[in-house]
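Enquirer: Attaching a single structure in structure tokens format; questions to follow.
Any read-out appearing in this document is the output of simple, stated calculations on the displayed coordinates, not a laboratory observation. Model, not experiment: these values are computed from the prediction.
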Amino acid sequence: MFNSIFTCRRFSVSITLLIFLCSCKVTLLAPYDEITDKTITEMQEMTSTFFVALESEPENTNLKYDNQKQFYQQLKVKAATVRIRNAAIDKNKIMVSMINELEANIGRLQQLHKGKPNGMLIPEEVKLLKETFETQYGAIIYFLMALKQRAKAF
């Protein structure tokens with residue numbers, strides 16, 4: 001009889017513990033952030049506009065590096081702002097890592113553009129750079145959309 005009561009109590013405690021653990025929400029990733037989504041989308045639009053202009057008018061002197069410094073400054077400011085914001089959000093290492101790499105690629109693009117003797121990127125470079133940035137922005141936006149869907153599911 002004692003063994004039966006002990007087993008019943010153990011079973012009840014186990015069930016209670018299981019229900020408690022199942023009701024807890026474990027979060028391994030930061031929540032969706034609408035401001036980050038909007039800022040990354042703005043950056044993607046700015047970058048796409050830049051590359052489309054380079055593709056459609058490869059000889060346009062307005063696209064020389066010296067005339068595009070403001071573009072790079074604005075893009076860098078947005079990247080730094082979104083990185084700082086995301087670094088302040090708990091459990092957001094993945095997004096911060098993606099933004100760090102985006103910032104590094106923006107810097108590489110600027111250095112490449114600045115280092116051109118005539119200040120102009122050539123069409124072959126533009127094509128590769130555009131594809132690279134589209135892939136990178138696409139990955140970030142895909143991640144943000146997954147976070148957004150996860151938020152809707154709960």
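Enquirer: Within the P(r) computed for region 54-148, what percentage of the Cα pairs occupies the region above 24 Å?
Expert: Cα-Cα pairs in region 54-148 separated by more than 24 Å: 29 percent.
Enquirer: Right, another one. Provide the per-residue ³J(HN,Hα) series for region 85-92, in order, calculated from phi with Karplus coefficients 6.51, -1.76, 1.60 and θ = phi - 60°, each as a whole number of Hz, with x at glycine and proline positions.
Expert: Once rounded to whole Hz, the list reads 4, 6, 5, 7, 8, 4, 6, 10.
Enquirer: From the backbone phi of region 144-150, what are the Karplus-calculated ³J(HN,Hα) couplings (6.51 cos²θ - 1.76 cosθ + 1.60, θ = phi - 60°) in whole Hz, Gly and Pro given as x?
Expert: Computed from phi, the couplings for region 144-150 are 4, 5, 5, 5, 5, 5, 4 Hz.
Enquirer: Taking θ as phi - 60°, what are the ³J(HN,Hα) couplings along region 37-53 by the Karplus curve (6.51, -1.76, 1.60), each to the nearest whole Hz, with x for Gly and Pro?
Expert: Whole-Hz 3J(HN,Hα) from phi for region 37-53: 4, 5, 5, 4, 5, 4, 5, 4, 5, 4, 5, 5, 4, 4, 5, 5, 4.
Enquirer: Hey, what did region 18-154 get for relative contact order, percent, Cα under 8 Å, at least 6 apart?
Expert: Relative contact order comes out at 40 percent.
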